[in-house]
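Colleague: Got a structure for you, questions after.
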């Protein structure tokens, strides 16, 4: 039996997990104990709504709403939990495993403050808690005021372009993660990086980084003659205070909305303020594709080991050569390349390059399902699957590009 001795006053509960069964999220239990000690509790979905009306709930700082694919039938209930929590100034951190992007989007629209994929990346729950405690400094905000975009800057940053030669070859995954790795290089000076999503109709950079699309983007693109640092800064979004992003517009726009002159102004503005400018191109050739090709320092053409990629690469080669454009500027990157031990696959790669008359300069391994999940969750690979072979190869590429840039002569 327990001792009848007086017990010390217990600390108030400042957070709660809310789930169907918290035992399904054992890593969450460990991280909650690490972050909060004994100052947290656990509630079921229905219990949470009842608890919010009790006096003990007044001390709640946040709830960690944990769900998996089995809970998607209860989205209405979970949406109500989020709404009730927000009405009482209680922050909400979503913990989700194998939940569809549509469901996540619905719950985030209800007002959830943070999202962390499960299994939890190391220290990510603590980082989410720290972010919701810094309400005066939100993680995602427009670049304005004290932004890096100040008049008179002339960095002449490197322009790196990623162009998918077919749908689903991983060009946006490549662009997003290459930009993020360049922004996080452990070098002497912090590198400033800007990611431009120029796929005006189906660009998904905003999805891969969980960023909102802003009306200011359309306004900027439709009037580039008046483009200045303030206008450009208002169109950018900051991701984790390290990467500046120009997402695709909120509405589907015609690809001929912008002219080569418009694109030149946007690229020059970005290059003058950032060390690296990464461009995610539409797969379709448009009137300003030549502009990007001519201005680029590195132009990656992404393809896979299949017939559609081979045919499209051949079409692109003929189109550029017929117009006397610098086809040799393209650096072909093969995504989902065969493993080192796959001799048959290696032979197919060699035959493909020879038949097309090209050189495949970069081979990226197949990262598998975790890559798709990271994209759906809106997080870079480094945050969720840091040891994934694709992520490791992109880190090597970012390091190599930076070393080449550092050794190249600087513009006067």
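Colleague: Keeping to region 272-300, report how many residues are part of a loop (DSSP other than H, G, I, E, B), in contact with a helix residue (DSSP H, G or I) (Cβ under 9 Å, 6 or more places away or on another chain) and touching a residue at least 40 places away in the same chain (Cβ under 8 Å).
Modeller: 6
Colleague: Moving to a separate point now. Does residue 388 meet the test of being at negative phi and touching a strand residue (DSSP E or B) at 6+ places or on another chain (Cβ under 8 Å)?
Modeller: The answer is no for residue 388.
Colleague: Moving to a separate point now. What about residue 256, is it under 19 Å from residue 167 (Cα atoms) and either in the same structural domain as residue 206 (by TED's automatic domain parsing) or in contact with a strand residue (DSSP E or B) (Cβ under 7 Å, 6 or more places away or on another chain) (or both)?
Modeller: Against the criterion (under 19 Å from residue 167 (Cα atoms) and either in the same structural domain as residue 206 (by TED's automatic domain parsing) or in contact with a strand residue (DSSP E or B) (Cβ under 7 Å, 6 or more places away or on another chain) (or both)), residue 256 does not qualify.
Colleague: For region 251-263, enumerate the residues that are at pLDDT 90 or above and out of contact with any helix residue (DSSP H, G or I) (no Cβ under 6 Å at 6 or more places or on another chain).
Modeller: Matches in region 251-263: 259, 261.
Colleague: Quick one: would you say residue 334 is buried (at least 19 other Cβ atoms within 10 Å of the Cβ) and without any contact (Cβ under 8 Å) to a residue 60 or more places away in the chain? Can you show your working first?
Modeller: Numbers: buried (at least 19 other Cβ atoms within 10 Å of the Cβ): yes; without any contact (Cβ under 8 Å) to a residue 60 or more places away in the chain: yes.
Yes: the conditions hold for residue 334.
Colleague: Give the residue, chosen from 143, 99, 76, that is modelled with pLDDT of 80 or more, within 18 Å of the chain's Cα centre (by Cα) and at negative phi.
Modeller: Numbers: 143 fails: modelled with pLDDT of 80 or more; 76 fails: within 18 Å of the chain's Cα centre (by Cα).
Only one candidate qualifies: 99.
Colleague: Also: Are any of the residues in region 370-380 touching a strand residue (DSSP E or B) at 6+ places or on another chain (Cβ under 8 Å), at positive phi and not assigned by TED's automatic domain parsing to the domain that holds residue 122?
Modeller: Taking every residue of region 370-380 in turn, at least one turns out to be touching a strand residue (DSSP E or B) at 6+ places or on another chain (Cβ under 8 Å), at positive phi and not assigned by TED's automatic domain parsing to the domain that holds residue 122.
Colleague: Any residue that is part of a loop (DSSP other than H, G, I, E, B), over 22 Å from residue 384 (Cα atoms), modelled with pLDDT under 85 and within 24 Å of the chain's Cα centre (by Cα) - is there at least one of those in region 106-118? Show your work before the answer.
Modeller: Quick first cut of region 106-118, residues part of a loop (DSSP other than H, G, I, E, B) only: 110-113, 118.
Narrowing further to those that are over 22 Å from residue 384 (Cα atoms): 110-111.
Remaining after also requiring modelled with pLDDT under 85: 110-111.
Adding the requirement that they be within 24 Å of the chain's Cα centre (by Cα) leaves 110-111.
Yes, region 106-118 has at least one match.
Colleague: State which residue is nearest to residue 211 (Cα to Cα) when the search covers only region 337-381 and only residues that are free of Cβ contacts under 8 Å to residues at least 12 places away in the same chain and assigned to a loop (DSSP other than H, G, I, E, B).
Modeller: Step by step, filter region 337-381, then rank; the result is 340.
Colleague: Restricting attention to region 43-102, which residues are farther than 21 Å from residue 12 by Cβ and not in a helix (DSSP H, G or I)?
Modeller: Across region 43-102, the qualifying residues are 66, 67, 68, 94, 95, 96, 97, 98, 99, 100.
Colleague: Is it the case that some residue within region 147-160 is out of contact with any strand residue (DSSP E or B) (no Cβ under 6 Å at 6 or more places or on another chain), exposed (fewer than 15 other Cβ atoms within 10 Å of the Cβ) and at pLDDT 85 or above?
Modeller: no
Listed here are the residues, each with its yes/no results for (1) out of contact with any helix residue (DSSP H, G or I) (no Cβ under 9 Å at 6 or more places or on another chain); (2) in the same structural domain as residue 33 (by TED's automatic domain parsing); (3) under 23 Å from residue 212 (Cα atoms).
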residue	(1), (2), (3)
55	yes, yes, no
60	no, yes, no
64	no, yes, yes
74	no, yes, no
77	no, yes, no
95	no, yes, yes
106	no, yes, yes
112	no, yes, yes
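Colleague: Filter region 315-330 down to residues that are surrounded by fewer than 18 Cβ atoms within 10 Å (Cβ to Cβ) and not in a helix (DSSP H, G or I), then give me how many there are.
Modeller: Adding up the residues that qualify gives 4.
The values are calculated or read from the model by the stated rules, or taken from the named source; none is laboratory data. Just so we're clear, the structure is a prediction, and the values are computed from it rather than from any experiment. Using ideal geometry, Cβ is built from the backbone for each residue, glycine included, and neighbour counts are taken over all protein chains shown.
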